[in-house]
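The values are calculated or read from the model by the stated rules, or taken from the named source; none is laboratory data. Please read these numbers as outputs of a predicted model, since none were measured by experiment. For neighbour counting, all protein chains shown are included, and Cβ atoms are generated from backbone atoms with ideal geometry for every residue, glycine included. Heads up: the accessible areas ignore ligands, DNA and RNA and are worked out on the full protein's heavy atoms, side chains in. Shrake-Rupley method; radii C 1.70, N 1.55, O 1.52, S 1.80 Å.
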Protein chains: 4
Amino acid sequence: MGAMKSSRLEAFSDGVLAIIITIMVLELHQPHGETFSSLWDDAHLSLLTYLLSFVYVGIYWSNHHHLFQVVPHVDGAVLWANLHLLFWLSLYPFTTGWMDETALARTPTIVFGVNLIGAAIAYWLLVTTIRRLPTSGHFDEVFGADWKGRLSIVFYAVGIGLCFVEPWLGVLPYVAVALMWLIPDRRVERWLQERDQVPTVAP
Amino acid sequence: MGAMKSSRLEAFSDGVLAIIITIMVLELHQPHGETFSSLWDDAHLSLLTYLLSFVYVGIYWSNHHHLFQVVPHVDGAVLWANLHLLFWLSLYPFTTGWMDETALARTPTIVFGVNLIGAAIAYWLLVTTIRRLPTSGHFDEVFGADWKGRLSIVFYAVGIGLCFVEPWLGVLPYVAVALMWLIPDRRVERWLQERDQVPTVAP
Amino acid sequence: MGAMKSSRLEAFSDGVLAIIITIMVLELHQPHGETFSSLWDDAHLSLLTYLLSFVYVGIYWSNHHHLFQVVPHVDGAVLWANLHLLFWLSLYPFTTGWMDETALARTPTIVFGVNLIGAAIAYWLLVTTIRRLPTSGHFDEVFGADWKGRLSIVFYAVGIGLCFVEPWLGVLPYVAVALMWLIPDRRVERWLQERDQVPTVAP
Amino acid sequence: MGAMKSSRLEAFSDGVLAIIITIMVLELHQPHGETFSSLWDDAHLSLLTYLLSFVYVGIYWSNHHHLFQVVPHVDGAVLWANLHLLFWLSLYPFTTGWMDETALARTPTIVFGVNLIGAAIAYWLLVTTIRRLPTSGHFDEVFGADWKGRLSIVFYAVGIGLCFVEPWLGVLPYVAVALMWLIPDRRVERWLQERDQVPTVAP
């Protein structure tokens, strides 16, 4: 199997995700006063949305990490499916910032949801592109039907719908998706353990 | 063959490209209002030029990735040819931003084209520098005459010419080059597959 | 031993730490005049807090580097404990900036201390999460009781307390922790040397 | 030889240098007009100093790359000597920006020279720290007396002195150092070639 190794795709994605997750801190404007109440007034919403976006990007990094533990080789289509995912994730600082500046106004909260759903669909496309690689035979065995990925898309859609009723209601399903992904998924670790039952090169 | 390994050149380039592709999102100013029409008025051109620049940097990353799959070793000249390419690419946020702020005015659109043609020539120089390395024997076999690279330079030149007639006309050949590169190029993958016909170390 | 390798966690953390350590330079506003006195008036405090934060992030990077020399494999819990640490560290530019803008006012100096103590606790949690991995048998042997980590938390707490008396007094224990960590810790190097007594693959 | 591998130090330095080299583009303010003359008026000095700083950081990256081709292992002192170098380099965007804003006024040009000399001394300290490692036996053989490094420090000092006469005169030795380093240095490549005369694992 002489396809391209996935190592450089991982390195580049690590770079982009590291920047996205860190760059948002530049959007945290310093409070105008020097008291706790000015910190609360000027920054509590920013800090909360920063935390939420940090968790989202963290989840994608963690999933991406698990994904490529199982996928040693990639092709040109996977490179672009991955860039497509990074594009949606790179918009997080923009959409998070707008939602935050307008204190959860309706349209920005919907646009944030569209950004979330765009990233979720891009992730699903990446998984699909990987699945059809000849070298990823173990993939289905490890990841199965990926119901979490599908459920996320449904939740985001429900959130966008709820925003039309009341913006903060829409945020609830967004947060629920983050919590769902924080529950650890041991499938990849289990598979790696079974595969390497016999230690080859003891570290 | 005791030349320097290409791995660190790849890692550094990944870092620089990851920053260039992500930093442009900082130029996306949040809309002043909180409605869809304010998003459209304040940001639709920014989002489009962001997408275009993202695709350009993505293409360079993807080509760079393919290039160094075939080139295991580098020398000092390749290091500098690579830095020269990164310099031109690092100007994208600046030239994209100017074109965007002035809503595709003539001079900024020409300057953007000059930036594109500069990067294309730098890429061609990098390929030429690699080609004359003693260790890159398979290079010609894999990449051939690189007509896509040459054609890009011609298209960019045509685009710059058309800007003197009408700026948005000049953007058309710029976009055409991006589309041309998005068509997958399977030469590298094919070559890797033939080289490694017999699986050596099953991953 | 079939767990996930720690290499990508290291690469991602390197990326995030590299950005945090460098991004703070963007907060260094240029002096308004062009004389040495304007440099002193406008930037001496910024440069000092920049240096302090650079040293803190440098210490975390150095410790992180030592830590994962001993830990070849990770699991999902370690990934999240690591992201949690990076979250606290990513707030440094924000809290440093506020403390700096207000010229060491009481509340910002306390908030900076809370940020420091948050990162210290997150580091301790990361170490604890690693310690219970089945693959990290040598860990206790190398790192022992980690008294430096515990002492740091105590020092930061004392610093926060002193801020209530006088902010600049609180900064003293903060600086003391940095100095304590700058004293070299040769445990990891010694352990590596003993482990690899017999050179395996001469580099 | 069981010391710590240099790979992660390289990866972290690559990250920091990639950010420093790229972040300066954020300081390039877009011209206020949309004509070539406004580009010239508002940006020609910025573009020149950007190019100069890009070349400096590129030189350090290239030298750093060559250095660690010969140094497979590091210790805690090398980690900190390296961080010390990165600190000085991370100030380039700040000192370059000030010099640029004030159109090469005397003090900022001197401060830029101090920054350059600081980085050169830090590099010399790094080399000295590496030289005394037990594992770097080939070091002297490859790098010899490092006269380029010493000469740079002298040139920068001359430049700082000339700034007291006339700032733009001081910039000449600064540029001379950059040109001196651009002349390729084939010692490392030659040494690698001799070491690996017999190909071990054909790539």
One decimal, nm, nearest first: from C:Arg190 to the same residue in each other copy, label points 7 Å out along Cα→Cβ, the values are 4.3, 4.3, 6.1
Please give the charge dipole size of the range C:24-147, origin at the Cα centre, charges +1 on K and R Cβ atoms and -1 on D and E Cβ atoms. Round to the nearest 20 debye. 420
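May I ask you to list the chymotrypsin sites (Phe, Trp or Tyr not before Pro) in the range C:23-89 that are in a DSSP loop and have at most 11 other Cβ atoms within 10 Å of their Cβ? Mind dumping the intermediate values first?
On the way: sites: C:Phe36, C:Trp40, C:Tyr50, C:Phe54, C:Tyr56, C:Tyr60, C:Trp61, C:Phe68, C:Trp80, C:Phe87, C:Trp88; in loops: none.
Within the range C:23-89, no chymotrypsin sites (Phe, Trp or Tyr not before Pro) qualify (loop, at most 11 other Cβ atoms within 10 Å).
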For B:Thr22, net neighbour charge (Lys/Arg +1, Asp/Glu -1) across residues whose Cβ lies under 15 Å away: -4
What FRET efficiency comes out for B:Ser7 versus C:Val165 if R0 is 45 angstrom and r is the Cβ-Cβ distance? Round to the nearest 0.05. 0.25
For the residue pair C:Leu51 and A:Thr35, what label-to-label distance in nm results when each label sits 7 Å from Cα along the Cα-to-beta-carbon direction? 3.4
From the label point of D:Lys5, set 7 Å from Cα along Cα→Cβ, how far away are the matching label points in the other copies, in nm, ordered shortest to longest? 0.8, 0.8, 1.1
How big is the protein assembly as shown by Rg and Dmax over its Cα atoms, in Å? 26.2, 74
Using the Cα centre as the reference, give the magnitude of the dipole from point charges on the C-beta atoms of the protein assembly as shown (Lys, Arg: +1; Asp, Glu: -1; all else neutral), rounded to the nearest 20 debye. 2160
Within-10-Å neighbourhood charge of B:Pro31 [Cβ basis; K, R +1; D, E -1]: -4
10 Å Cβ neighbours from other chains, averaged over peptide D:23-35: 6
Exactly which trypsin sites (Lys or Arg not before Pro) in the range C:45-137 are in a DSSP loop and have at most 11 other Cβ atoms within 10 Å? C:Arg132
List the distances, in nm and shortest first, from the label point of B:Val175 to the matching label points in every other copy, placing each point 7 Å from Cα along the Cα-to-Cβ direction. 4.2, 4.2, 5.9
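Over chain B, give the accessible area per residue in Å² for a 1.4 Å probe, as an integer. Spell out each step's value before the answer.
Values: 8190 Å² over 203 residues.
That works out to 40 Å² for each residue.
If you add up the charges near B:Tyr123, with Lys and Arg at +1 and Asp and Glu at -1, over every other residue whose beta carbon is less than 12 angstrom from its beta carbon, what do you get?
Summing Lys/Arg as +1 and Asp/Glu as -1 gives +1.
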Quick one: check the C-alpha center-to-center distance for the range D:60-85 versus the range D:94-122, whole angstrom. 24
Angstrom value of the Kirkwood radius, inverse mean 1/r, which spans all Cα pairs in the range D:57-166: 15.0
What is the spread of the Cα atoms of chain C along each of their three principal axes, largest first, in whole Å? 59, 37, 29
Applying 1/(1 + (r/R0)^6) with R0 = 35 Å to the Cβ-Cβ distance of D:Val175 and A:Met180, what FRET efficiency is obtained, to the nearest 0.05? 0.05
Expressed as a whole-number percentage, the relative contact order of the range D:1-140 with C-alpha contacts under 8 angstrom and at least six residues apart is 31
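What's the average, rounded to a whole number, of partner chain beta-carbon atoms within 10 Å of each residue's beta-carbon in D:65-71? Don't jump to the answer; show the numbers that get you there.
Numbers: counts 7, 3, 0, 1, 4, 0, 1.
Mean inter-chain Cβ contacts per residue within 10 Å come to 2.
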Taking chain C and counting helices only, DSSP H stretches of n ≥ 4 at -39,500 (n - 2.57) each over all residues, the nearest-500 ellipticity at 222 nm comes to -25000 deg cm²/dmol
For peptide D:49-56, what's the mean number of Cβ atoms from other chains within 10 Å of each residue's Cβ? 2
